[in-house]
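The next block holds one structure in the form of C-alpha cells; read it before the comments.
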Amino acid sequence: MELVQADELQGDVIKGEPVRILNGNVIFRNGTTLIYCHRAFQFTNPTRMEMFGRVRIVEENKSTVESDSLFYDNNTKIARLRKNVVATDNKMSLKTNFLDYSMETGDSYYYNNGKMVDDKNTLTSISGFYNAGIKIITFKKEVLLQSENKRLTADSLKYNYQTKTLFFTGPTKIYQDDIIIHTTSGNYSTETENTRFEKRTTIEDSDYKLTGDTLYWDKSTETGKAFGNIQLTSKNEDITVDGQRGIYNRIQKSSKVWGDAVIKQLLDSDTVCIRADTLLSLQDSLNYKIVIAFKHATIFKPDLQGKCDSLVYISRDSLMKMFSDPVMWAQSSQMSGKFIQAHIVNNKLDYVDIKDNSYMISQDELNNFNQVKGKSVHAVFKEGKIEKMLVNGNAQSIYYIIDDSKKRKKNKGINYSLSSDMVLYYKKNKVKNISFLTKPEARFIPLHEIKEEDTRFKDFNWRIGEKPVK
C-alpha cells in the first residue's frame, strides 16, 4: 500500500505500538486502485491500517466502494469496510454495513444483510459476493427480488447487473403478474422477461400448470416450451397431458404435446385416457375444448375403449370423432367402420354412428359372435349398455339363438337376416326383437346344420387383441 498524499503526517505511539497518523485528503495507491479518506492510522508492526471519514476505494474501471471506516491487513490484503458501505458500478449500487474487500482480486463479501439497486431491480439477501470486474453479484440466504411487476424469493442466485440476467442456483419462486414459476436452475432476463429453466421447473397460473425437465417462457407471446417428462394440467377441468415435448400458449389457451403423449381427465370416479404420438388442445370462441390426437390414437375408460389413426374430441357437443381404420369396444361389443362418431353424456356412451363398412360384433355368454353390418349404423346406449341399433343400407345380421330354459344354456341355432334397413332392440345387451323396414330375407339355421361359413361374414375381424388396456 503506497501513500500518495496527505495534508498532515505525524508519528505517535499507541499502546506501545508505533503508528503514523495521516490527516486531510489522504490518498493511498494499491496497484491501479486508489483509496481516499479523511484520516488514517498506519501501524508498522504488524503492518495494518485503519481509515476513517468518507473512506472511498476507486477501481481502475471507475467502480467505487465507500464506507465510514476501513480496516486493512497487509498480510491478507483484505480491507474490512464497516458502516454505511456503498459499492457503486455505473447504475448499480450495493448497500450494507459489513463488507470485506480483497485488494488483490477485487472480490467483495458482505454479510449481515445487503441491498442492491439498479435501474431495473431491487435485490436483498443476508450475505453475498460481488466483483465489479465480471459484473456479477451472488446473493445468499433469504434472497428477495422486487420490481414493478414481479417478485422473486430464493435461497441463492447470481445476478449480472450489466445484462440484467438472473442465474438460479437453488430453489426459486418467481411471481410475475399472475404467473408463479418454481425452479432450481436456469436463467431469466429481467429486461425481456424471457427465461430458460433447467432441471424440473413448473409455470402456473390460476387455470393451468406446465412442468418439464427443461422449460422456456416467452413473456411477449405468453408461450411456454417444455422438454423432457412434461406435464400440462388444466386445473378447472381436472385434465392432465403428459409427453416428452410440449408448447403452451397462455393467450390462446392452446397446447401441443408430442412424444408418448397422453391426456387424462377425471370424470366422476372414472379417468378417461387418450394416447397418441401428438396431442393438440384448442379452445373455440365459446371457450369449449377441442382435443385432436394424431397418429396411433387410442382412448380408454373403464366402459369404453377405442383405437384409430386420428381422433377429435369436441367438448361443446360431447362428440368424439375417429378417423382411419377406427375400432371401438363398449361392454362386450366391438364396432368398426371407416368413420366412427360417439356422443357421450354424463360420462356415459349415448350413441355411436358408424359410417361406411359398418360392422358390429358382440360376444355372448357362450362366446358366440353375434354380428350386424351395413352401410351405416346408429347405435343408441342407455347407462352404457346398447338399447337400440338402426342399420341402414344392405343391413345384415347373424344372431345366435340360445336355449336358456335349462340350468345349462345351449345353442339352438343361428338367425340370419338381410334387408335394406333394420332396427334391433336390446335388453341386457341381448337382442330381443328385430324390425325390418323393408321385406327381409331371413332364415333360421338349426344347430346341427350350421357350417363354419354360416357363423361369420367374410370380412369378420375380431380385434380384441388391439383393445387398449390403459
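About the centre of its Cα atoms, the chain shows a dipole size close to 1740 debye [charges on the beta carbon of Lys, Arg (+1) and Asp, Glu (-1) only; nearest 20 debye]. Contact order for segment 1-112, expressed relative to its length and based on alpha carbon pairs under 8 Å spaced 6+ residues apart, stands at 15 percent. Translational diffusion of segment 182-301, estimated by Stokes-Einstein from the Kirkwood radius over alpha carbon pairs at 10 °C in a medium of 1.306 mPa s, is 109 µm² per second.
Per-peptide packing, taken as the mean over residues of other Cβ atoms within 10 Å, places 274-283, 455-464, 83-92 in the sequence 274-283, 83-92, 455-464 from highest down. Farthest towards the positive end of the charge dipole of segment 395-468, among the residues Ser405, Leu447, Met422, is the Cα of Ser405, using unit charges on the Cβ of Lys, Arg, Asp and Glu.
Would you mind calculating the relative contact order of segment 303-470 from Cα pairs under 8 angstrom and at least 6 residues apart, reporting the percent as a whole number? That works out to 15 percent.
Between Val291, Asn370, Ile174, the Cα set farthest toward the positive side of the dipole of the chain (charges on each charged residue's Cβ, about the Cα centre) is that of Asn370. Is the shape of segment 401-461 best called rounded, prolate or oblate, per the rule: a/c under 1.5 gives rounded, else a/b larger than b/c gives prolate, else oblate, with a ≥ b ≥ c the square roots of the Cα gyration tensor eigenvalues? The shape class here is oblate.
Residue exposure proxy: Ser102, Ser67, ordered by other Cβ atoms within 10 angstrom of their Cβ from fewest to most, comes out as Ser102, Ser67. From least to most packed, judged by other beta carbons within 10 angstrom and beginning with the fewest, Lys115, Lys470, Lys225 follow the order Lys470, Lys115, Lys225. Full extension of the chain between Thr44 and Lys338 gives 96.1 nm of extra length, using 0.36 nm per residue less the Cα-Cα distance. Each residue in Lys173, Lys348, Lys62, Lys140 was given a count of other beta-carbon atoms within 10 angstrom of its own, and listing them fewest first yields Lys62, Lys173, Lys348, Lys140. For segment 1-112, with the dipole built from +1 on Lys and Arg beta-carbon atoms and -1 on Asp and Glu ones, taken about the Cα centre, which of Thr96, Leu34, Leu9 lies farthest toward the positive end? Positive-end residue among those listed: Thr96.
Met328 sits among other residues whose Cβ lies under 12 Å from its own Cβ, and their net charge, with Lys and Arg +1 and Asp and Glu -1, is +1.
A simple spin-label model places the labels of Ile126 and Asp459 7.5 nm from each other, with each point 7 Å out along Cα-to-Cβ. Distance between the C-alpha centres of segment 234-276 and segment 1-49: 71 Å, rounded to the whole angstrom. Per residue, the convex hull spanned by the alpha carbons of segment 1-112 comes to 98 Å³.
Summing Lys and Arg as +1 and Asp and Glu as -1 over all other residues whose Cβ lies under 15 Å from the Cβ of Lys120 gives a net charge of +1. Legend: calculated FRET efficiency, Asp73 to Gln146, from the Cβ-Cβ distance at R0 = 35 Å, rounded to 0.05, equals 0.45. Semi-axes of the equivalent ellipsoid of segment 342-470 are 23, 19, 15 Å, computed as sqrt(5λ) over the eigenvalues of the C-alpha gyration tensor in descending order. Protection proxy ranking of 19-28, 286-295, 207-216, by the mean of other Cβ atoms within 10 Å over each peptide's residues and highest first, is 207-216, 19-28, 286-295.
Contact order for the chain, expressed relative to its length and based on alpha carbon pairs under 8 Å spaced 6+ residues apart, stands at 4 percent. Annotation for segment 296-317 versus segment 162-186: alpha-carbon center distance of 38 Å.
Between the alpha-carbon centres of segment 332-370 and segment 428-470 there is a gap of 13 Å. The charge dipole of segment 5-73, taken about its Cα centre with unit charges on the Cβ of Lys, Arg, Asp and Glu (plus for the first two, minus for the last two), comes to roughly 40 debye. Any idea what % of Cα-Cα pairs in the chain are farther than 40 Å? That fraction is 51 percent.
Laboratory data are not the source of any read-out in this text; all were calculated from the coordinates shown. Just so you know, these numbers come straight off a predicted model, no measurement behind them. Neighbour counts run over all protein chains shown; Cβ positions are idealised from the backbone, glycine included.
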